[in-house]
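Computed from the coordinates by the stated procedures, all read-outs in this text should not be read as laboratory data. All values reported here derive from a predicted model rather than from experimental measurement. Glycine gets a Cβ as well: all are built from the backbone with ideal geometry, and neighbour counts include every protein chain shown.
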Amino acid sequence: MTSPGHAEIAGAGFGGLVAAIGLADRGWTVRVHERRQVLTAEGYGIAIQDNMTRIFAALGILDEILAGGIEIDRRDSLNGSGDVVLRLKTGLGRYRISRRHIVSLLARRAQEAGAEIITGSTVADATPDGNIELDSGEIRRADLIVAADGINSVIRDSLSLMERRVWQKEGGVRMVIPRTPEDIATDQRDGTAMIEAWANKRRILYCPNSQSEIYVILTCMESDKAARKTPVDIEAWRQSFPKMGPLIERIARDTDWDECRWVRFQTTRLKCWSSGRIAVLGDAAHAMPPYLGQGAGHAMMNALGLAVAVDEAPDLACALAEWERRERPLTEHTQRWTRIYGATIILPEWLKSLAINAEKHIPWLAAQYSRAAKHLPTGCDPAPTQ
Ligand SMILES: Cc1cc2nc3c(=O)[nH]c(=O)nc-3n(C[C@H](O)[C@H](O)[C@H](O)COP(=O)(O)OP(=O)(O)OC[C@H]3O[C@@H](n4cnc5c(N)ncnc54)[C@H](O)[C@@H]3O)c2cc1C
């Protein structure tokens, strides 16, 4: 067992906070640096699948997490004319919860475990021998540094760990709008639904996020300048989804556009997930497009897996090697299948419906998409969570 020491963590997102809890629970002193002034700035929604509920159960906060979200009964995939192409019950991913709610509970849990969280603290650099440098010029020493500083990680880049970065041809913008009494009445009639509508190379995905909010993602190709615009170009989107005019108008009117920006999706692969005393995790190590809703899931699974590996192995080098051996294959499986699912966007309409439906008729395909959701994360109890 590696003796507990001191950890400095860059980033108080899903990965950084779960690493903080996992290490603090195992006797480490932990300090988390978050460059934002507040922890809970972004208000978008997260699909909570079984692997994530197991993590929250292992951390003892599952009931509080679920109390702030909403249960979804089914996923409807529609074509541009509004016809339902596929209707699936949401067995494994039936909760939608706002990022704000999850991050604030993880932060509280990390502080209860003894971790210190410093907001407005930007990490400028870290070295494999265990030094971390802040923007303020201050240098701190650590036995373990966790780079959980997101998709544009400065620590990862300073270590030249990137093996491959694939920029997808598509990207998206996510926003949250208020939920009206009419939306809620529809739920009461037909059950709560996540709607995913495809038309040519544009996609609208929306879903209740809580009793009072709807979470929306608009995705399109990078070359589609009209669809990429923020605030949203109502006419461009209405042309593709004529039956969704009222929703598109609400998105244009009710979104806080200062908080939203269109981002191009990317998939990253590192040569190695660690260097000396630095472990890289979450989007910093393995970013993926959002189609299977597992980016945060893998960030949290790999963060808890890191704390377990460090606790079990005789020294840090063995721990980091074992951690990567254990967690990396599933992460790369999800990255691969996320890209395959996302490729549906470039298919012609008739083939798109067939491809979307294939999931229902080919159990092997459905199993590939849901492998991460069904996985028992390292450090979690195999007993059912609910
Ligand atoms: C449109 C879209 C929809 C998505 N939907 C889902 C979904 O439904 N389910 C799901 O599981 N995933 C989803 N994801 C993916 C998910 O958001 C990410 O995979 C997840 O946020 C990664 O967590 P993380 O902790 O690695 O990084 P982040 O959540 O990005 O956290 C990184 C943190 O580090 C901070 N930081 C950055 N640089 C520094 C620095 N130098 N010093 C200090 N702090 C720093 C940032 O401010 C941030 O708080 C979606 C992504 C997109 C783009």
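With a 10 Å Cβ neighbour count serving as the proxy for reagent exposure, in which order, fewest first, do Ile55, Ile362 appear?
Result, fewest neighbours first: Ile362, Ile55.
Stick to Cα atoms and the Kirkwood definition of Rh, then tell me Rg/Rh for the stretch 193-349.
Rg/Rh: 1.08.
Compute the acute angle (0 to 90°) between the alpha-carbon long axis of helix 99-112 and the principal axis of greatest extent of the alpha-carbon atoms of the chain; round to the nearest 10°.
It is inclined by approximately 20 degrees.
In Å, what Rg and Dmax follow from the Cα atoms of the stretch 98-186?
Using the Cα atoms of the stretch 98-186, the pair Rg, Dmax is 18.8, 58 Å.
Quick check: the angle from helix 245-254's long axis to the longest principal axis of the chain, C-alpha only, nearest 10 degrees?
In the chain, helix 245-254 runs at an angle near 40 degrees to the longest axis.
Over all alpha-carbon pairs of the stretch 327-386, lay out the pair-distance distribution in 5 Å bins, whole %, shortest bin first.
4, 15, 22, 20, 16, 11, 6, 4, 2
Under 8 Å for C-alpha pairs, at least 6 residues apart: give me the relative contact order for the chain, rounded to a whole percent.
23 percent.
Would you calculate, for the chain, the mean residue ellipticity at 222 nm contributed by helices, counting each DSSP H stretch of 4 or more residues as -39,500 (n - 2.57) and dividing by all residues, to the nearest 500?
Only helices count here, giving -11500 deg cm²/dmol.
What number do you get for the chain when its Cα radius of gyration is normalised by 2.2 N^0.38 Å, N = residues?
Here the Cα radius of gyration is 0.98 times the empirical estimate.
Just for the Cα atoms in the stretch 27-83, what are the lengths along the principal axes, largest first, rounded to whole Å?
55, 28, 17
With a/c under 1.5 counting as rounded, go ahead and sort the stretch 256-383 into rounded, prolate or oblate using the C-alpha gyration tensor (a ≥ b ≥ c being the square roots of the eigenvalues; past the cut-off, prolate if a/b is larger than b/c, else oblate).
Taking the square roots of the gyration eigenvalues as a ≥ b ≥ c, the stretch 256-383 is prolate.
So who's got an amide H within less than 5 Å of the one on Val30, skipping anything under 5 residues away but keeping other chains? H placed 1.01 Å off N, in plane.
Ala7, Glu116
Could you list, in their original order, any pairs among Lys169/Lys360; Lys243/Lys352; Lys169/Lys352; Lys352/Lys374; Lys89/Lys201; Lys229/Lys352 whose Cα atoms are separated by more than 22 Å?
Exceeds cut-off: Lys169/Lys360; Lys352/Lys374; Lys89/Lys201; Lys229/Lys352.
Select from Trp273, Gln368, Met300 the residue farthest towards the positive end of the dipole of the chain; place +1 on Cβ of Lys and Arg, -1 on Cβ of Asp and Glu, and compute about the Cα centre.
Of the listed residues, the answer is Gln368.
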